[in-house]
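What follows is a single structure, written as structure tokens, with notes after it.
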Amino acid sequence: MKEKTHCTRRNFVGTLGLATGGLCLLPLAVSCKSDTPSKSINAGKKMTEDFDADVDIQLQAIQTKTNILPDSTSDTYSYKASQIKGTNDTLAKIEGSTLGPIIRVNKGDKVRIRFQNEIPEESIIHWHGLHVSHENDGHPEYVIDSGETYFYEFEVLNRAGTYWFHPHPHRKTGEQVYKGLAGLFIVSDEEEGALNLPTGDYDIPIVIQDRTFDENGKLIYLPNGRMNQMRGFLGDEILINGKTNKTLSLNKDGKYRLRLLNGSNSRAYKLAWDTGEPLTIFGVDGGLLDSPKTLPYLILGPAQRVDLWLDLSNRSENEQLKLIHLPIPLDNIMGGMMGGGMMGSPSDTALPYNSQFDILNIAVGSSRNNEASLPNSLSSSSALNLADAINRANPRTFNFGMEKMMEWTINGRTYDGFEVAEDEIVKLNTTEIWRINNGGNINRESQNSGGGMMGMHGNGGMMGNNQGMGNMMQMPHPVHIHQLQFNIVSRNSENVNPNLWENVKDGFIDEGWQDSVYLLPGMYMDLIMRFEDFKGLFLYHCHNLEHEDMGMMRNFKIV
Ligand code: C2O
Ligand code: CU
Ligand code: CU
């Protein structure tokens, strides 16, 4: 079903000498100025023989059957990995789970992934959070059919942190992730290695997802169809690392690094310890914070990662500790039209946002001490400088909302292949501020996305003042930008429902390097980012995977 609109020009993306699968390598000086990808469906189709990989992995997407609930078998998908080159800890399996593998690499490694698609539909893999070239980013236009192979070849440029990978075929991402396709991509580096953080069995990945099962115990996706898709999938049960067993047996006196990923399609969590003790967070999407941060609770939106510190020194044997979700009054925000009425359904069994439920149980076992510690100074990864932004006075604004009837849009537009609009083009080696807005910055007529876009889409009459449909249909949008890590400049909550804001306001981390943020209705945020190393097309989108699949996704182009 690939729509193949062919460009006649062949173009090359500047690659700073990094090999790119299948494309010729030209010295930068002679690489062509234009960087619109030719719809060269050849990208990634061939292996570059002289790419000298440190890590070489064959990754197959396959159909599987999994007993997620003990007595019934669900139809699932899974990535199956085998190592061609690497070290002892390059690959780790999660036994009994559809999820995985966990891939561990070092900064500076040259990585080749031979992605072989063996599921009966097209797919492509995206490396979420990684700073890679266009060809290696898993653009939906590069989907491969069942039976085909795509070669990723890139150098790991990111700092140490918890990144991840998942499918990215347009309109099918939500379902393929739901069926089990996702894994962690953990990067280590010297800065982090010099710290005495927990390693090995004390460094524990925790992927949180919600799922729904039918009366026979089989996994089902969007049972109520289109209406639930507008809202995004919400499940009635929490899985940890793909399993219903949510208990972790840990050692008294152990010091742990819990790497949390919210791998849910659309659900956010308000995480807290059931004891009321604060959470100690020391890392986010793009790696370590400069210093640890304590929060009474944490709002973890889809695709976000955090490093959570857990020291069991002062616990007793056989003690139980729980990570729980605390109620958030979000059901009604998405309500009115969204929840109860138009979009909901009486048969909806999803866990309500506004209720408390368990995420993870920690069973404290017998004592075993490890010599790890959490220093106060973790990293010195200086943030980008506001003064360096070329558009500080006039941030590039992206409005996430509904400006077409029953379609989630960004600046009134939806995804359209390689199409990129004028206000989505940025320059290599510049720093910019992006204002991502979910109905919060209501003076937007003056912004760069203004009325023109409305006219263009012919919706001017009905929704010309942006206060019509857009505001009635507000929902949180977890916004993600490909290819880079940004810093948060500011989070504006003036127009967030005061009850909601009061409930969540102490749960955000605005420090560090991030690639995904949770944008509440009425909120806008200014993000500062730098476009470096790679020209080409990259995606930015809502990481509510149902919204993304409906087209709440666009390209930006680095020229
Ligand atoms: Cu994790 Cu484009 O997404
Ligand atoms: Cu991404
Ligand atoms: Cu969304």
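Restricting attention to segment 402-413, does a residue exist that is among the small types (Gly, Ala, Ser), more than 30 Å from ILE238 (Cβ to Cβ) and buried (at least 20 other Cβ atoms within 10 Å of the Cβ)? Within segment 402-413 (the criterion being among the small types (Gly, Ala, Ser), more than 30 Å from ILE238 (Cβ to Cβ) and buried (at least 20 other Cβ atoms within 10 Å of the Cβ)), the answer is yes, since at least one residue qualifies. When restricted to residues that are open to solvent by 10 Å² or more (accessible area, probe 1.4 Å) and either within 16 Å of ligand 3 (Cβ to nearest atom) or among the aromatic types (Phe, Trp, Tyr) (or both), segment 162-175 contains 2. Of all residues in segment 222-266, those being closer than 16 Å to LYS179 by Cα and of a type in the set (D, E, K, R) number 3.
Within segment 42-70, residues that are on the phi > 0 side of the Ramachandran plot have Cβ atoms under 6 Å from residues that are modelled with pLDDT of 95 or more and exposed (fewer than 15 other Cβ atoms within 10 Å of the Cβ) in no pair, counting only partners at least 6 apart in sequence or on another chain. Residues that are open to solvent by 20 Å² or more (accessible area, probe 1.4 Å) and away from ligand 1 (no atom under 16 Å from the Cβ) within segment 417-429 comprise GLU419, GLU422, ASP423, ILE425, LYS427, LEU428, ASN429, listed in sequence order.
Determine whether segment 506-520 contains at least one residue that is over 19 Å from the mean Cα position of the chain (by Cα), at pLDDT 95 or above and farther than 20 Å from GLU403 by Cα.
Of all residues in segment 506-520, those over 19 Å from the mean Cα position of the chain (by Cα) come to 506.
Next cut, at pLDDT 95 or above only: 506.
Those left that are additionally farther than 20 Å from GLU403 by Cα: 506.
Looking for residues that are over 19 Å from the mean Cα position of the chain (by Cα), at pLDDT 95 or above and farther than 20 Å from GLU403 by Cα, one finds at least one in segment 506-520, hence yes.
Put simply, of ALA43, ALA53, ALA81 the only residue that is modelled with pLDDT of 95 or more, small (Gly, Ala, Ser) and closer than 21 Å to SER146 by Cα is ALA81.
Residue check: is PHE534 more than 16 Å from ligand 3 (Cβ to nearest atom), part of a strand (DSSP E or B) and either open to solvent by less than 10 Å² (accessible area, probe 1.4 Å) or of a type in the set (Phe, Trp, Tyr) (or both)? Explain how you work it out, then say what you get.
Values: more than 16 Å from ligand 3 (Cβ to nearest atom): yes; part of a strand (DSSP E or B): no; either open to solvent by less than 10 Å² (accessible area, probe 1.4 Å) or of a type in the set (Phe, Trp, Tyr) (or both): yes.
In short, no.
Candidates in segment 256-285 are the residues that are touching a residue at least 12 places away in the same chain (Cβ under 8 Å) and among the acidic types (Asp, Glu); of these, the one that is farthest from PRO478 (Cα to Cα) is ASP274.
Wholly within segment 169-253, which helices (runs of 4 or more DSSP H) include no fewer than the required count, namely at least 1 residues that are modelled with pLDDT of 95 or more and touching a strand residue (DSSP E or B) at 6+ places or on another chain (Cβ under 8 Å)? Walk me through how you get there before you give the answer.
Numbers: elements: 173-178, 190-193, 226-231.
Counting at least 1 such residues, we get 173-178, 190-193.
Per the conditions (1) of a type in the set (S, T, N, Q); (2) within 16 Å of ligand 1 (Cβ to nearest atom); (3) over 26 Å from SER291 (Cβ atoms), the sole criterion not satisfied by ASN499 is (2). Evaluate segment 505-528: report whether one residue or more is more than 16 Å from ligand 1 (Cβ to nearest atom), in a loop (DSSP other than H, G, I, E, B), touching a helix residue (DSSP H, G or I) at 6+ places or on another chain (Cβ under 7 Å) and open to solvent by less than 10 Å² (accessible area, probe 1.4 Å). Among the residues of segment 505-528, at least one is more than 16 Å from ligand 1 (Cβ to nearest atom), in a loop (DSSP other than H, G, I, E, B), touching a helix residue (DSSP H, G or I) at 6+ places or on another chain (Cβ under 7 Å) and open to solvent by less than 10 Å² (accessible area, probe 1.4 Å), which makes the answer yes.
Annotation note: Cβ proximity below 6 Å between a residue of segment 125-139 that is more than 16 Å from GLY286 (Cα to Cα) and a residue that is in a helix (DSSP H, G or I) and near ligand 1 (Cβ under 10 Å from one of its atoms) (sequence gap 6+ or interchain) occurs for no pair. Restricting attention to segment 41-81, the residues being among the basic types (Lys, Arg) and under 25 Å from ILE240 (Cα atoms) number 2.
Taking TYR178, is it at negative phi and either without any contact (Cβ under 8 Å) to a residue 24 or more places away in the chain or open to solvent by 20 Å² or more (accessible area, probe 1.4 Å) (or both)? For TYR178, the condition - at negative phi and either without any contact (Cβ under 8 Å) to a residue 24 or more places away in the chain or open to solvent by 20 Å² or more (accessible area, probe 1.4 Å) (or both) - is not met.
Remark: pairs (first residue in segment 535-551, touching a residue at least 12 places away in the same chain (Cβ under 8 Å); second residue more than 11 Å from ligand 1 (Cβ to nearest atom) and in a helix (DSSP H, G or I); Cβ separation under 6 Å; 6+ apart in sequence or on different chains) = GLY536/HIS134; LEU537/HIS134; LEU545/GLY174; GLU546/GLY174; GLU546/GLN229; ASP549/GLY174. Residue pairs whose Cβ atoms lie under 6 Å apart, sitting 6 or more positions apart in sequence or on different chains, and linking a residue in segment 286-306 that is closer than 22 Å to SER377 by Cβ to a partner that is acidic (Asp, Glu), are LEU289/GLU511; ARG305/ASP285. Among the residues making up segment 259-304, those that are open to solvent by 10 Å² or more (accessible area, probe 1.4 Å), β-branched (Val, Ile, Thr) and under 21 Å from ALA363 (Cα atoms) are THR275, THR280. Residues in segment 88-141 that are within 16 Å of ligand 2 (Cβ to nearest atom) and open to solvent by 10 Å² or more (accessible area, probe 1.4 Å) were compared, and the one that is farthest from ALA61 (Cα to Cα) is HIS131. So in segment 351-376, with the set limited to residues that are of a type in the set (S, T, N, Q) and touching a His at 6+ places or on another chain (Cβ under 9 Å), which one is surrounded by the fewest Cβ atoms within 10 Å (Cβ to Cβ)? Checked segment 351-376; the qualifying residue surrounded by the fewest Cβ atoms within 10 Å (Cβ to Cβ) is SER355. For segment 154-161, does any single residue satisfy the condition of being in contact with a helix residue (DSSP H, G or I) (Cβ under 6 Å, 6 or more places away or on another chain), buried (at least 21 other Cβ atoms within 10 Å of the Cβ) and modelled with pLDDT of 95 or more? Yes, there is a match, as at least one residue in segment 154-161 is in contact with a helix residue (DSSP H, G or I) (Cβ under 6 Å, 6 or more places away or on another chain), buried (at least 21 other Cβ atoms within 10 Å of the Cβ) and modelled with pLDDT of 95 or more.
Report whether or not GLN304 is over 19 Å from ILE94 (Cβ atoms), at pLDDT 95 or above and within 16 Å of ligand 2 (Cβ to nearest atom).
On the way: over 19 Å from ILE94 (Cβ atoms): yes; at pLDDT 95 or above: yes; within 16 Å of ligand 2 (Cβ to nearest atom): yes.
Taking the combined requirement at face value, the residue satisfies it.
Candidates are the residues of segment 534-551 that are closer than 20 Å to ASP423 by Cβ and among the aliphatic types (A, V, I, L, M); the one that is farthest from ligand 1 (Cβ to nearest atom) is LEU537.
For segment 377-401, the candidate set comprises residues that are loosely packed, with under 14 Cβ neighbours inside 10 Å and among the small types (Gly, Ala, Ser); within that set, the residue that is nearest to ligand 3 (Cβ to nearest atom) is ALA393.
Number of residues in segment 118-137 that are under 17 Å from LYS535 (Cβ atoms) and either within 16 Å of ligand 3 (Cβ to nearest atom) or of a type outside the set (S, T, N, Q) (or both) equals 6.
The values are calculated or read from the model by the stated rules, or taken from the named source; none is laboratory data. From a predicted model like this one, the values you see are computed outputs, not experimental measurements. For neighbour counting, all protein chains shown are included, and Cβ atoms are generated from backbone atoms with ideal geometry for every residue, glycine included. The accessibility values were calculated without ligands, DNA or RNA, using every heavy atom of the protein model including side chains. Shrake-Rupley method; radii C 1.70, N 1.55, O 1.52, S 1.80 Å.
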